[in-house]
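Engineer: Before I ask anything, let me first share the structure, which is written out below as structure tokens.
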Amino acid sequence: MRTKSFFEAWNTFFFAEESPIPLGLFRIIYGVMVIATLTLLRPDWMAWYGPHAWVSLPSMQAVEPGTRLNVFAFISQSDFWVHALFWFSLASAACLSIGLLTRLNCLIVFLCLTSIDQRNLFILHGGDTFLRVAGFFLIFAPAGAALSVDRLIRIWRGKDGAEIRPRRPWAQRMIQFELALLYFAGFCSKVEGVPWVQGTALSYMLNLDELQRFPVPSWFLHPAVLKLVTWFAMALEFCLGVLIWVKEFRYYLLAIGLVFHLCLEYSLNIPMFQWDVLSAYVLFIDAADLERAWNWIRSRSQRFWAFGTRTNGKAH
Amino acid sequence: MTRAAEEGKGLRQKKVFGLKKWQYVAINAFLVFHILAISCWCLPISNPFILACRSAVRPYFVWSGLFQSWDMFSPVPKTMNAYIEAIILYKDGSTTTWSFPRMETLSLSDKYFEERYRKFVESILADSNSAIWPDVARHVARLPELRARDPQKVLLVVKWSDIVHNDDGTFTRAPWDEHVFYRYDVKPEDLQ
């Protein structure tokens, strides 16, 4: 009986059809994150990936051996081809974001991101890793089923109706799984570290000059507060890794997680990581709630524009 | 039972959640494999079975780009401030010092663009990455502002200051220390 209910739960979780709207929204944000990442790298494309980069391709292959999916190993090592690869990646990420030839562009963006990461593994942060692994599972997802140019084309050709058809969410679940695992693995690793258990880890981090962005309030720097916040961070990582799957807790945890990442973005200099991780939060929001939020924004903006038009009319 | 109902039943038996049976089985195999493999790869468990699984999936993970690590500032965050400078000796006997971009000296926007250097310096300082030190020194020698003066030698210097945890719970910084960790003789072909 238990085995049967496990398989039923498994099937419902991975295969019961759901609205692809959260996935469509994630695809849009994901594309923007990839564009932002590549744009921030733009001044140093040649320094990190060019023929005379900080680490040459043969050195990279010697330090990190193994057969790797890496387009750089196949293209000519010249400025032109490296530039071409980056511009191609940017164009593909833009197409992915708007949902044009979605599946193909998912594949291209993943290939390009993986190649860029593999070409220089010494400069990667967690955000790059998350984009790469999420990109892998996005290839298998119906990412163009909603909020995409592909859907508009299908409607225009009469192959799709006005109603968005629900889809099997198994690939979306894998991206959600990756996000939950990111937190849970972080928690497990922290539990093994003495500074985290003793509550001093955050104090060390805030004393690292290279990480500091904006000043934090002085009351926050009190040892007792830092200790509590260190433990809170660990507890939150556990909850976001495990309890996020419990529907009753989900939105509260997402809200706390959002505030937590915004605080990290304010205080620590780790560009893009917080935004890359936050991008996947939309996958945990119900499509009905997203639609409600969208309708609320639309009605507000319509009221705002109507008010603006009336005021302008009076002024004339 | 009508013929249509029989056909419908037959179709249901062949399809699971709208998938052909082989598709359903293939997707499930994909899911089970990836959930187990990614968990084994990421979770800090040193059980011999997990280690064996990790080495078994390693070629696939390395190839596909699914390798991942989520040990953000853990188990032990960095306990010292450190940066790298390069001392360049020229043919005419003069020297200059070149510093990697230091986040604490950059503007907010520059921090966004140059943050990769923070991570790169961290990687250079790991002894396991000593194989890239010649590349780093060579790249410094090739920098346009230095190359024109015919550099002969590049010394890579790490400067560090420990963050000390005091008994009263406060933290102080130890005095700066420095160490030349790599010397490189620039070859003529390096500058071409």
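Engineer: Applying 1/(1 + (r/R0)^6) with R0 = 41 Å to the Cβ-Cβ distance of A:Thr67 and B:Ile87, what FRET efficiency is obtained, to the nearest 0.05?
Structural biologist: The value I calculate is 0.55.
Engineer: With springs connecting C-alpha atoms under 10 Å apart, model chain A as a Gaussian network and identify which of A:Gly127, A:Gly161, A:Gly31 has the largest mean-square fluctuation.
Structural biologist: A:Gly161
Engineer: Sticking with this one: Report Rg(Cα)/(2.2 N^0.38 Å) for segment B:68-137, keeping two decimals.
Structural biologist: This ratio for segment B:68-137 stands at 1.35.
Engineer: Across bins of 5 angstrom width beginning at 0, how are the C-alpha pair distances of segment A:75-176 distributed, in whole percent?
Structural biologist: 2, 12, 18, 21, 18, 12, 8, 5, 3, 1
Engineer: Hey, another quick one. Taking one equal scatterer on every alpha-carbon of segment A:6-69, how large is log10 of I(q)/I(0) by Debye at q = 0.21, 0.30 1/Å?
Structural biologist: The Debye formula, applied to the Cα set alone, gives -0.92, -1.10.
Engineer: As a check on your grasp of the helix formula, calculate [θ] at 222 nm for chain A: sum -39500 (n - 2.57) over DSSP H runs of n ≥ 4, divide by the residue count, round to the nearest 500.
Structural biologist: One gets -22000 deg cm²/dmol as the mean residue ellipticity at 222 nm.
Engineer: Measure off 7 Å from each Cα along the Cα-to-Cβ vector at A:Ala306 and A:His52, then give the distance between these two points in nanometres to one decimal.
Structural biologist: Between A:Ala306 and A:His52, the simple spin-label model gives 6.4 nm.
Engineer: Taking 0.36 nm per residue of separation and subtracting the Cα-Cα distance, what length does fully extending B:Trp98 through B:Arg147 add?
Structural biologist: Contour length minus Cα-Cα distance gives 16.4 nm.
Engineer: Now, a different point. Assuming R0 = 30 Å, can you tell me the calculated FRET efficiency for the pair B:Phe49 and A:Arg103, based on Cβ-Cβ distance, to the nearest 0.05?
Structural biologist: Efficiency at R0 = 30 Å is approximately 0.20.
Engineer: May I pose another question? How far, in nm, would the chain grow between B:Lys187 and B:Lys21 when pulled straight, counting 0.36 nm per residue and subtracting the alpha carbon separation?
Structural biologist: Length difference between fully extended and current span is 53.4 nm.
Engineer: Using Cα-Cα distances under 8 Å and only pairs 6 or more residues apart, what relative contact order does segment A:178-316 have, in percent?
Structural biologist: Reported as a whole number, the value is 26 percent.
Engineer: Please identify, among A:Met174, A:Met234, A:Met205, the residue showing maximal mean-square fluctuation in a Gaussian network model of chain A using a 10 angstrom Cα cutoff.
Structural biologist: So, out of A:Met174, A:Met234, A:Met205, the one fluctuating most is A:Met205.
Engineer: Taking springs between alpha-carbon atoms closer than 10 angstrom, which of A:Ser301, A:Ser19, A:Ser97 fluctuates most in the Gaussian network model of chain A?
Structural biologist: Maximum among the listed residues: A:Ser301.
Engineer: Output needed: percent of Cα pairs per 5 Å distance bin for chain B, bins running from 0 to the one holding the longest distance.
Structural biologist: 1, 6, 9, 10, 11, 10, 9, 9, 8, 6, 4, 3, 3, 3, 2, 2, 1, 1, 0, 0, 0
Engineer: Counting other C-beta atoms within 10 Å, which of B:Phe67, A:Phe249, A:Phe80 has the fewest, and how do the rest follow?
Structural biologist: Ascending number of Cβ neighbours within 10 Å: A:Phe80, A:Phe249, B:Phe67.
Engineer: While we're here: Excluding same-chain pairs closer than 8 in sequence, count the lysine pairs in segment B:1-150 whose Cα atoms lie under 23 Å apart.
Structural biologist: Value for segment B:1-150: 5.
Engineer: If each residue's Cβ is checked for other Cβ atoms within 10 Å, how do A:Asp79, B:Asp162, B:Asp167 rank with the fewest at the top?
Structural biologist: B:Asp167, A:Asp79, B:Asp162
Engineer: Here's something else I'd like to know. Along the Cα→Cβ direction, 7 angstrom out, place labels at A:Val259 and A:Ala162. What is the inter-label distance in nm?
Structural biologist: According to this spin-label approximation, the distance is 4.1 nm.
Engineer: Which value does Rg/Rh take for the protein assembly as shown over its C-alpha atoms, Rh per Kirkwood?
Structural biologist: 1.01
Engineer: Then there's this: Rounded to the nearest 500, what is the 222 nm mean residue ellipticity of chain B from helices alone, with -39500 (n - 2.57) per DSSP H run of 4+ residues and division by all residues?
Structural biologist: So the helix-based figure for chain B works out to -14000 deg cm²/dmol.
Engineer: Quick one: compute a quarter of the convex hull surface over the Cα atoms of segment A:257-305 and quote it in nm².
Structural biologist: 4.6 nm²
Engineer: In nanometres, what is the gap between the two model label sites at A:Ser218 and A:Val32, each 7 Å from Cα along Cα-to-Cβ?
Structural biologist: Each label point is offset 7 Å from its Cα along the Cβ direction, giving 3.8 nm.
Engineer: Another one. What is the calculated FRET efficiency for B:Ser128 to A:Trp245, with r their C-beta to C-beta distance and R₀ = 60 Å, to the nearest 0.05?
Structural biologist: Efficiency, rounded to the nearest 0.05: 0.95.
Engineer: Additional query: Can you put A:Trp231, A:Trp156 in order, fewest other beta carbons within 10 Å first?
Structural biologist: A:Trp156, A:Trp231
Coordinate-derived values only; no laboratory data. Model, not experiment: these values are computed from the prediction. Note: ideal-geometry Cβ built from the backbone for every residue, glycine included; neighbour counts use all protein chains shown.
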